[in-house]
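A.B. asks: Mind having a look at this structure? Questions to follow.
The values are calculated or read from the model by the stated rules, or taken from the named source; none is laboratory data. Computed from a prediction, not measured in an experiment: that's the story for all the values here. No Cβ is skipped: glycine too gets one built from the backbone with ideal geometry, and neighbour counts run over all protein chains shown.
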Amino acid sequence: MGETYNFETAEPSKSCRLLARTIDGQKAQAEVVLGIVNDTFFAIVRGRKPYLNMQVRLSPLTYVRQPEYWGIEVLGCVSGIVLPTIGGYDEHLSLDGIRGTKGIEIIWANAETERFPVPPK
C-alpha cells in the first residue's frame, strides 16, 4: 500500500496565490450583504488584479469546529501564459454553512485581514 495522503502537509499550489488587497495603488473593497431569502448572506469582494487572465476566487478555510470568524481567502489563479495588464474583478460567495459564531474574516496576501459581523450591523 502507498503512503497516506495528508492535505495539510501537501505541497502548496503554484498556480494560485493569495491576492494582495492593494493593486496599482487601489485598495479592494469587501462587504457582507443580505440575500433575498431570510437569513442568507453573501460576501462580495471587488478590486483590481495584476493579470487580465487571472481568475479570482473566494475560498473558505476548513475547520473542525465553528470558529468565531470563518476565514475566506481571496485567491488569484493563473495558468498558462500571463497577460500582465491590470484588470478588475467582482466576486461573491454565499455564506450558507460558512459563518463563524460572530462572522467572517476576509484574508488577503501579506497577512492583511478584514472582519465582518454576520448578520451585518
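A.B. asks: Only residues that are in a loop (DSSP other than H, G, I, E, B) and more than 19 Å from residue 20 (Cβ to Cβ): list them for region 60-77, please.
C.D. replies: Selection gives 62, 63, 64, 65, 66, 67, 68.
A.B. asks: State which residue is surrounded by the fewest Cβ atoms within 10 Å (Cβ to Cβ) when the search covers only region 16-28 and only residues that are under 20 Å from residue 59 (Cβ atoms) and either over 15 Å from the mean Cα position of the chain (by Cα) or of a type in the set (A, V, I, L, M) (or both).
C.D. replies: Among residues in region 16-28 that are under 20 Å from residue 59 (Cβ atoms) and either over 15 Å from the mean Cα position of the chain (by Cα) or of a type in the set (A, V, I, L, M) (or both), the one surrounded by the fewest Cβ atoms within 10 Å (Cβ to Cβ) is 18.
A.B. asks: (1) assigned to a loop (DSSP other than H, G, I, E, B); (2) surrounded by fewer than 17 Cβ atoms within 10 Å (Cβ to Cβ): which one isn't true of residue 31, the others all being true?
C.D. replies: Here residue 31 clears every test but (1).
A.B. asks: With of a type in the set (Val, Ile, Thr), farther than 14 Å from residue 113 by Cβ, surrounded by 15 or more Cβ atoms within 10 Å (Cβ to Cβ) and in contact (Cβ under 8 Å) with a residue 40 or more places away in the chain as the only criterion, which of 56, 78, 45 stands out?
C.D. replies: 78
A.B. asks: Also: Among the residues in region 84-101, are any at pLDDT below 95 and closer than 18 Å to residue 12 by Cα?
C.D. replies: Among the residues of region 84-101, not one is at pLDDT below 95 and closer than 18 Å to residue 12 by Cα, which makes the answer no.
A.B. asks: Restricting to region 6-24, count the residues that are of a type in the set (Lys, Arg), part of a loop (DSSP other than H, G, I, E, B) and in contact (Cβ under 8 Å) with a residue 40 or more places away in the chain.
C.D. replies: 1
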